[in-house]
Every structure is written in C-alpha cells, then in structure tokens.
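Trainee: Before anything else, here's the structure in question.
The values are calculated or read from the model by the stated rules, or taken from the named source; none is laboratory data. Here the structure is a predicted model, which means the values were calculated and not measured. No Cβ is skipped: glycine too gets one built from the backbone with ideal geometry, and neighbour counts run over all protein chains shown.
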Amino acid sequence: MFGNRFFWGSATSAYQVEGGNIWSDWYEWEKMVDLESCGRAVDHYNLFRQDFALAYKLNQNAHRLSLEWARLEPSPGFFNQEAIDHYHQVFSELRRLKIKIFLTLNHFTLPAWLARQGGWENYKILDFFGRYLQLVIKEYGQYIDCWLTINEPMILATEAYLFGHWPPQVKSSPRFMKVLQNMAKVHNFIYDYIHKHYPIAQVGLPHNYFSFVPLRSNSFLDQKAVKRADDFWNRLVLNLTQDKHDFLAVNYYFHQRVSFGFNWRRDWIKFADPKKLHKEVSALGWEVYPEGLEQILLNLNQEYKLPIYVTENGLAAQNDEQQKRFIINSTQAVKRARLAGVQVLGYFYWSLLDNFEWDKGFKPKFGLVEVNRNTMERYLRPAAKEYAAICQERI
Ligand code: FCB
C-alpha cells in the first residue's frame, strides 16, 4: 500500500531535545517564570548518533529535525563555528544511515538578541532571517531533502501574542496579526530564496490543522462557529502564503467540537471540553481522534491538489496501550486517505524522544523512546516496536 517511496519517520525540534540552548529566547524567559526549564533537555546535542541509530533500527527512512538559530548565531552577525561543525556532523550521520532529511528552519524559538529587538514584530526580521538562511544554504543546503520553513505560525502567534502564554506573553489582536503577517512574509521570502538556489527544492510550511465538528450537528449557529474556527485556525496562514507551497505539511493534534458562544476574544467560538463529553483524551486532556486526520487530508486534497506530508502527529500518552492504539489508528487513517486518492507521501510521528513540551515541561510523554533524564538512558516503548513494524511492512 505505502510502497518503498513512502517516508516513514519521526520528528523533533532542536530546543526541545538538544539541551544547553542558552542563547535562545525561551531560555531567557524560563529564568523569569515559575515553570520547569529545559536545561539539558534530553541531551540530544551529545547523543544524536545514538538517537539516529534508534530511528534507523526502528525502520525509519526519514527524520524531521530543526536547527537552533541562536546556537548558530548567538550574537547578531556572529556565527559560531563549533555549532556550524556540529550540525555538519548531525546531517552527515543521517546521510550515512540513508535517512532522508526534513529540515525545519525555525521551530518556535528565536535568538535572544533578536527577541530583545522585538522578534517577530520587528519588520527587520526579514533581513535577519535572510542572513541566517544564507548561512544555512551555504553550509547545509547539499544535505537537505525537504525544507520546512517556520513551524506552526498560528500556534506561535496565538500562544505568544494573543493568549499570552508563551514569551513575550502579549495579549493583543493587532500585535498577533502583525506577527502572523511577518511570519508569512518570511515564509514567502524563504520559499523564493531556496528556489533561487535549488529550483527543484521541495519547500513547505508545517501548519497545525484542526479537525472541527459542530457540537450539535444540526445547529445552524454551531455550524457557523465551525466555519469561523476553520477560517481562523486552518485558513488564515494559507491565505497569507498562497502559492508558496510545493506540498502541504500537516501537523495534526486537535479535534474540536465547536459551538457558538461568547468568549473574551468575542469571536463567538467555543471548544467543548472532551472530558465532560466522556471522550477519550490524552494525558494533556486533548481528545484522541485519529479519524480527524483522514478528514483533514481528504479536505485538503479536494481544495489544493498538492502532495501532502504529515509532518507531525502524536500523543501525550496516558499509557503504552493508548500510544500503540493511537499509532495503529492514525496510520490507518493515512492509509484510508491514500486509498481515496490523496497523495500523502510521508508520515512523521511526534516524537522520536520524550522531550521538553514548552510551557508544560517534561511531564507529557510524546516519545517513541522513553528517556530517563537523570541517566539520559533511552528505552524503547512498546509503541516504538509497533510503529517499526508498520514502517517495515509498509502496510
Ligand atoms: C506541536 C509542536 C511541537 C510539539 C507538539 C506536541 O504543536 O510543533 O513542538 O510541542 O505540538
């Protein structure tokens, strides 16, 4: 069904796994708030060879990872040779294992010096990103099989500038919009820039797609609310980036039952609490609904006719059984979409390793591989073996 050309892999992001990213904005922020800090994370910076060996052993033929911009450029215009050399080793190792490289250029964090100058709100971010991108292309362009520009602009922009949960903890609709527009501008710029250097490069934007259903299926108002939610969460970024996609990169975590109702943002969208509806939830209280992935893939295929990669899909599992079932059901959802004619070319499980889940710290366990953070030892979870069988049998 999936064949030899399908990409089976898992995903990570630099800040969440590497450890020691002391030049990043998140690191600065952690010092000011009362939340668990990332610290050594899971020491992937030093243990990447061991981790890639595990991915290889688990029959994965592709891997999604990101560069930590702040590590490469700890102060404006100064590039750190040690960091440059490090990522050469990282990419060479993946190459040696014949694991295809899906690179995210920016996964939520910025260099602290840039954040101090306004980060995504500063229109100069285009120039700063350009300088960084120039380095990335010169040093690493040759290794990259597939380019992912900016991870989940909607999630970053809402969490950091609309809901005020993430640094710099702003709650402002105009500032949120400005940030989102700047992120879209940078994406569009990256898209053109990479294509100038590599005309046949594959470039996309990992976007967090929600699956929405009306809470009361025959309520006209709830259907209206679904439309509003879809316009905002699913479409806004695509509208701002238009034709700058060689493929769609789907991150899927959220199935929401939507009703029409007042909230402080006055957008008249309410998401039901799945626990109150007695739905199955993850350890983070997110509804477990793999079928939503199939629906998203079918919808996107109808509208865009572009190839699709599932660049993230995973679960903060309550237990091993739940994680195993989730992987089976999610890959089955992808299979059904393919059978229905959707051109899905790859699937990346989030995540290879347990890691630092942003403001939620290390408690949520997303990994195929469990990490003991005292000893940094790695242990395969039962779901890792289940996924390895799926990757091998290509069913
Ligand atoms: C996604 C993020 C990723 C991880 C997962 C659980 O939104 O891209 O870094 O935190 O959620």
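Trainee: Given the criteria surrounded by fewer than 18 Cβ atoms within 10 Å (Cβ to Cβ) and under 18 Å from the mean Cα position of the chain (by Cα), does LEU277 qualify?
Mentor: The answer is no for LEU277.
Trainee: Another question, then. For ASN301, which of the numbered conditions (1) polar (S, T, N, Q); (2) within 16 Å of the ligand (Cβ to nearest atom); (3) farther than 20 Å from ALA11 by Cβ fails to hold?
Mentor: For ASN301, the exception is condition (2).
Trainee: Let me ask something else. Could you check, for segment 182-201, whether at least one of its residues is free of Cβ contacts under 8 Å to residues at least 40 places away in the same chain and of a type in the set (Asp, Glu)?
Mentor: For segment 182-201, residues free of Cβ contacts under 8 Å to residues at least 40 places away in the same chain and of a type in the set (Asp, Glu): absent.
Trainee: With GLU312, GLU287 as the choices, which residue is within 15 Å of the ligand (Cβ to nearest atom), closer than 27 Å to LYS244 by Cβ and at pLDDT 95 or above?
Mentor: Only one candidate qualifies: GLU312.
Trainee: Please find, within segment 1-20, the residue that is farthest from ARG373 (Cα to Cα) out of those that are buried (at least 23 other Cβ atoms within 10 Å of the Cβ) and of a type in the set (A, V, I, L, M).
Mentor: Only one residue tops the list, namely ALA11.
So that you can scan it fast, the table gives a plain yes or no per residue for (1) surrounded by 17 or more Cβ atoms within 10 Å (Cβ to Cβ); (2) within 16 Å of the ligand (Cβ to nearest atom); (3) on the phi > 0 side of the Ramachandran plot:
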| site | (1), (2), (3) |
| --- | --- |
| VAL136 | yes, no, no |
| ALA157 | yes, yes, no |
| GLN169 | no, no, yes |
| PRO174 | no, no, no |
| GLN181 | no, no, no |
| LYS196 | no, no, no |
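Trainee: State which residue is farthest from the chain's Cα centre (by Cα) when the search covers only segment 348-376 and only residues that are closer than 21 Å to PHE326 by Cα and among the small types (Gly, Ala, Ser).
Mentor: Within segment 348-376, the match that is farthest from the chain's Cα centre (by Cα) is GLY367.
Trainee: Need the failing condition index for ASP85 against (1) more than 21 Å from GLU377 (Cα to Cα); (2) in contact with a strand residue (DSSP E or B) (Cβ under 8 Å, 6 or more places away or on another chain), just the number.
Mentor: (2)
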